[in-house]
Amino acid sequence: MIGQTGRWALILHGGAKEIAPEEQEDNRAGCRQALAAGTQVLERGGSAIDAVEASIRVLEALPVFNAGLGSALNSLGEVEMCAALMDGNTLDIGAVGALMGVRHPVSVARKMLRETPILLVGGGAFMFARDNHAELCDPSALIVEKRKESLEALHDTVGAVALDSSGNIAAGTSTGGLTGALKGRMGDSAMPGCGYYADNSIGGVALSGHGEGIARIAAAAQIMAAIERDGAEDAIAKALSQMSRVGGDAGGIAIDKAGRTGWWHNSPSFAVAMASSDSPEANIWLNKQEDTKQDG
Ligand code: GLY
């Protein structure tokens, strides 16, 4: 633990993507609900890990987001999901890749957090989830009609980063991955240094967007290396400007060790919500251009 400031902060996002006008309110409402779940944990002195998990579970349960229920379908028409949680105090990581048949992949990642392996995939991840009493479901129960009907190519992730009042930072991600992907494909969201990272001595970051591109530029690692020098927002912007070298769009959220938040995206939209002990009311945006919404 680096510092006990008594200050807390939470920032989360609903994915770097295009948000159709008729989905704007659901995106905003979902982020608001997820923020409320996480801030409730932090306001009563709970841990950053608990807050990140609580927020992401809300996003996974809502079909408007590409995570859990409503995930993108792979080339076989299946839902395979990736998720991760990182504890910036211990540098413990729990992550799962190409996992089927669980309602909340982030909670499987949580169950792995103190285990020796940092990442389990496919059948192994499912066996771990089953043996550790995760909420299992029929894999087809996560498929929503609009994903079958829509040709929209999804590649986004939901994520959250929190600083708790004990000075601990956590980051988490969850995604249904890339529409039409090969079975077994994993993007950035389960891989530390790519889709997420947290270290109490620096800050925490979570990313969304084209997973192959984000992994190729090791975006989370670049952002962590630059946060102290550039601040959270500029660090994300500089790292993600390199997406032009590898193709695809992306967005990121971050908190530095002092609790300063930042976010940036080059995707058409990026729904973001944040609150802190200094500013506990919910702030929610659908993209950087949008005016700040003060939202109680
Ligand atoms: N960023 C999510 C994915 O590419 O899997």
Point to revise | Mean separation of Cα contacts under 8 Å (6+ apart) over length of the chain, as relative contact order % | key: 24
Review point. Tell me, THR261, THR157 in order of fewest to most beta-carbon neighbours within 10 Å?
Key: THR261, THR157
Check your understanding: So what does log10 I(q)/I(0) come out to for the stretch 109-181 at q = 0.14 Å⁻¹, using the Debye formula with one equal point on every Cα and no solvent?
Key -> -0.67
**Study point:** Binned Cα-Cα distance frequencies in the stretch 12-54 - 10 Å width, integer %
**Key:** 29, 42, 23, 6
Study note, to complete from the structure: Shape call for the stretch 197-296, from the Cα gyration tensor axes a ≥ b ≥ c (a/c under 1.5 means rounded, otherwise prolate when a/b beats b/c, else oblate), comes out oblate
Review point. Which value results for Rg/Rh of the stretch 45-106 when Rg is the Cα radius of gyration and Rh the Kirkwood radius based on the inverse mean 1/r?
Key: 1.03
Review point. Relative contact order (percent) for the stretch 1-98, with alpha-carbon contacts under 8 angstrom and 6 or more residues of separation?
Key: 19
Exercise for review: Would you mind counting up the charge near LEU142? Only other residues with Cβ under 11 Å from its Cβ, with Lys and Arg at +1 and Asp and Glu at -1.
Suggested key: -2
**Study point:** Estimated dipole of the chain in Debye, rounded to 20 [Cβ of Lys and Arg +1, of Asp and Glu -1, Cα centre]
**Key:** 460
Point to revise | Shape parameters for the stretch 208-252, alpha-carbon atoms, Rg then Dmax in Å | key: 9.5, 27
Review point. Once the Cβ-Cβ distance between GLU115 and GLU145 is put in as r, and R0 is 41 Å, what FRET efficiency do you end up with, to the nearest 0.05?
Key: 0.65
Check your understanding: How large is Rg over Rh for the chain, taking Rg from the Cα atoms and Rh as the Kirkwood inverse mean of 1/r across Cα pairs?
Key -> 0.93
Check your understanding: Which of rounded, prolate, oblate describes the stretch 4-131, given a ≥ b ≥ c as roots of the alpha-carbon gyration tensor eigenvalues and a/c under 1.5 marking rounded, otherwise prolate only if a/b is larger than b/c?
Key -> oblate
Check your understanding: What does the charge dipole of the stretch 229-296 about its Cα centre add up to, to the nearest 20 debye, if the Cβ of each Lys and Arg holds +1 and the Cβ of each Asp and Glu holds -1?
Key -> 320
Revision key, fill the gap. Of 242-249, 193-200, ordering from highest average Cβ density within 10 Å down gives 193-200, 242-249
Check your understanding: Thinking of the stretch 134-238 as a set of Cα atoms, what percent of all their pairs are more than 23 Å apart?
Key -> 36
Practice item. Could you please report the charge total around GLY259, scoring K, R as +1 and D, E as -1 over all other residues with beta-carbon less than 15 angstrom from its beta-carbon? Key: -4
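Every number here is computed from the coordinates shown, using simple stated rules; none is lab data. As the structure is a computational prediction, the values presented were derived from the model and not from experiment. For neighbour counting, all protein chains shown are included, and Cβ atoms are generated from backbone atoms with ideal geometry for every residue, glycine included.
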